[in-house]
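J.: Sharing a structure, written as C-alpha cells. Questions coming.
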Amino acid sequence: MTHKIEDFGRNAGKIWETLNSNGPLNQNILIRKNKLNENEFYTAIGWLARENKVCKDGNMFKLGETNLNDKIGENAGKIWELLNTIGEIDAEYIHKLANISKQDAYLAIGWLAKENKIKPKMVKPKKPKLHFKLK
C-alpha cells in the first residue's frame, strides 16, 4: 500500500502550495481549500514538520522553520515503540495505546511516513480498516 504514503506526501504538497500562495492560514481554511479530512490534514502537517517546512503561530500555520518538532518527534517515538513491540496496529487504536490525542497520533504518523519508517496496510474485514506497522 505504498500509495497511502504517496497520498500523505501529496497532501503535504497541497498544504505547502496553499500556504505558499496565500500566506498563513488556520486549520479549517487549509482543510477546506485542500479538501482534506482532519486525519489527512494532520498527517500532512506531520510530514511538513519533519521536512522543517511548516510552523504554527497561534492558530495559524505558515511556511518556515518548524516549531513543532519536539512534540511530534516525541510522539513519533512512542508510536514507533508501539509498532516495534506489538507489530501491526489498527489506526483507530494507535492514539489510545500511545496515550496521546488522535491529532497528535496523526501528526506523528505523518512524521514517520516522511522518514519512511511505517507501512500502511488496508485490512478488509466487513469494512476496510487502515493498519500501520514498521517497515
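Taken together, the values in this text are just the output of simple stated rules run on the coordinates, not laboratory data. Note that the structure is predicted; figures quoted are calculated from it, not measured. Positions of Cβ are generated from backbone atoms using ideal geometry, with glycine treated the same way; all protein chains shown enter the neighbour counts.
J.: Given the options LYS114, LYS133, name the one that is more than 28 Å from LYS56 (Cα to Cα), in contact with a Gly (Cβ under 8 Å, 6 or more places away or on another chain) and not small (Gly, Ala, Ser).
T.: Values: LYS114 fails: more than 28 Å from LYS56 (Cα to Cα).
Matching residue, one of LYS114, LYS133: LYS133.
J.: Tell me the residue from THR85, THR66 that is loosely packed, with under 15 Cβ neighbours inside 10 Å and hydroxyl-bearing (Ser, Thr, Tyr), please.
T.: Answer to the selection: THR85.
J.: Taking the range 47-63, which residues are of a type in the set (A, V, I, L, M), within 25 Å of LYS117 (Cα to Cα) and more than 12 Å from the chain's Cα centre (by Cα)?
T.: VAL54, LEU63
J.: Of the residues TYR93, TYR106, which is within 19 Å of GLY13 (Cβ to Cβ), in a helix (DSSP H, G or I) and hydroxyl-bearing (Ser, Thr, Tyr)?
T.: Being within 19 Å of GLY13 (Cβ to Cβ), in a helix (DSSP H, G or I) and hydroxyl-bearing (Ser, Thr, Tyr) holds for just one of TYR93, TYR106, which is TYR106.
J.: On the basis of being touching a residue at least 12 places away in the same chain (Cβ under 8 Å), within 16 Å of the chain's Cα centre (by Cα), surrounded by fewer than 16 Cβ atoms within 10 Å (Cβ to Cβ) and assigned to a helix (DSSP H, G or I), does GLU40 make the cut?
T.: No: the conditions fail for GLU40.
J.: While we're on this one: Between a first residue in the range 69-97 that is in contact (Cβ under 8 Å) with a residue 24 or more places away in the chain and a second residue that is acidic (Asp, Glu), which pairs have beta carbons less than 8 Å apart while being 6 or more apart in sequence or on different chains?
T.: Close Cβ pairs (under 8 Å, with a partner that is acidic (Asp, Glu)) amount to LYS71/ASP104; ILE72/ASP104; ASN75/ASP104; ALA76/GLU115.
J.: If you check ILE89, ILE79, which single one turns out to be under 17 Å from LYS133 (Cα atoms) and over 14 Å from the mean Cα position of the chain (by Cα)?
T.: On inspection, the qualifying residue turns out to be ILE89.
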